[in-house]
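Every number in this text was worked out from the coordinates using simple rules, so none of it is lab data. Since this is a predicted model, take the numbers as computed values, not measurements.
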Amino acid sequence: MKVALKIYRFNPETDKEPHYDTFKIEANLNDRILDCLNKIRWEQDSSLAYRMSCAHGICGSDAVSINGTPALACQKLVKDYDYTQELLIEPLKYFPIIKDLTVDIEPFFQRIKVINPNFQLHAPVNPAEKERLQSIEERSKIDDAVKCILCGCCVAACPVILEQEPKFIGPAAILRAQKYIFDSRRNDSKERMQIIEKPYGIWSCKSYYMCTIVCPKKIKVTEEILKTKKKIIAELHPKTV
Ligand code: SF4
Ligand code: FES
């Protein structure tokens with residue numbers, strides 16, 4: 001069957017303004033949106049720019065906006081959408097555009113750096129065990145956060161970042177901090193809670209749940225943020241409870 005994709009185009013070297021090109025391709029219901037983009041690039045327009053690497057939902061590099069919602073092009077199938085209508089493919093919102101669907105992801109990594117991911121204070125190793133062992137229950141507290149592939153979909157869907165406080169560090173950075181704060185093998189949770197309490201940090205989150213809705217790894221991002229807020233109040237501000 002024929003499927004039409006209306007794709008955002010912008011080449012800063014030649015274009016003054018962005019525009020859209022519509023491509024019609026032969027596709028199957030189970031084809032991924034990434035397959036469609038590849039087909040366009042291989043068969044119709046080799047100048048179409050987009051990122052991809054693993055093609056299996058692992059690397060997070062092919063996040064784009066599909067019909068207005070951020071998603072991984074390799075995870076979404078043609079049949080996930082109303083393919084009788086044009087599919088609208090655009091770059092992730094908020095990020096500076098490099099070319100077509102390729103965005104500069106640096107503002108995303110700057111947010112992760114705010115929470116100081118390299119700063120580590122580990123709990124001492126138990127000499128009898130020689131390793132920092134974790135029970136299943138302890139590990140379950142960070143199960144969700146370790147699944148994050150840093151794709152940026154949550155940032156591109158966050159109403160706080162898009163409409164209210166562009167400097168907000170965003171869901172993925174808080175989720176990364178949550179991983180450190182709740183990790184039983186570390187003893188720097190207090191310092192980390194103080195870091196994400198800074199202006200534009202965790203208290204800027206208004207729990208819109210958009211991060212949870214769009215996360216391709218089905219991480220309960222908003223719930224993890226709420227758990228972290230509760231821990232901060234209980235441990236750093238107990239008198240306010
Ligand atoms: Fe992507 Fe989900 Fe991680 Fe956000 S939390 S960067 S949407 S995997
Ligand atoms: Fe790696 Fe889609 S190409 S997640």
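Binning the C-alpha pair distances of the stretch 1-140 at 10 Å intervals from 0 yields a P(r) profile of 10, 33, 25, 13, 11, 7, 1 %, listed from the shortest bin outward.
Only helical runs count toward this figure. For the chain, summing -39,500 (n - 2.57) over DSSP H runs of n ≥ 4 and dividing by all residues gives -8000 deg cm²/dmol at 222 nm. Overall size of the stretch 91-241 from C-alpha positions, given as principal axis extents largest first: 56, 37, 25 Å.
Note on the stretch 63-152: Kirkwood radius taken over Cα pairs, Stokes-Einstein applied at 4 °C and 1.567 mPa s, translational D equal to 76 µm² s⁻¹. Using only Cα atoms, find the angle between the long axis of helix 33-43 and the longest principal axis of the chain, and express it within 0 to 90 degrees, rounded to the nearest 10. Orientation of helix 33-43: about 40 degrees from the principal axis.
Nearest 10 degrees, 0 to 90: what angle lies between the long axis of helix 221-236 and the longest principal axis of the chain (Cα atoms)? The angle comes out at about 20 degrees. Based on Cα contacts under 8 Å between residues 6+ apart, the stretch 1-80 shows a relative contact order of 27 percent. Cross-link partners for LYS227 among the lysines, with Cα-Cα distance under 20 Å and sequence neighbours closer than 8 places in the same chain left out: LYS141, LYS147, LYS179, LYS190, LYS198, LYS206, LYS217, LYS218, LYS239. For the residues GLU191, GLU163, GLU13, a GNM of the chain with alpha-carbon springs under 10 Å puts the largest fluctuation on GLU13.
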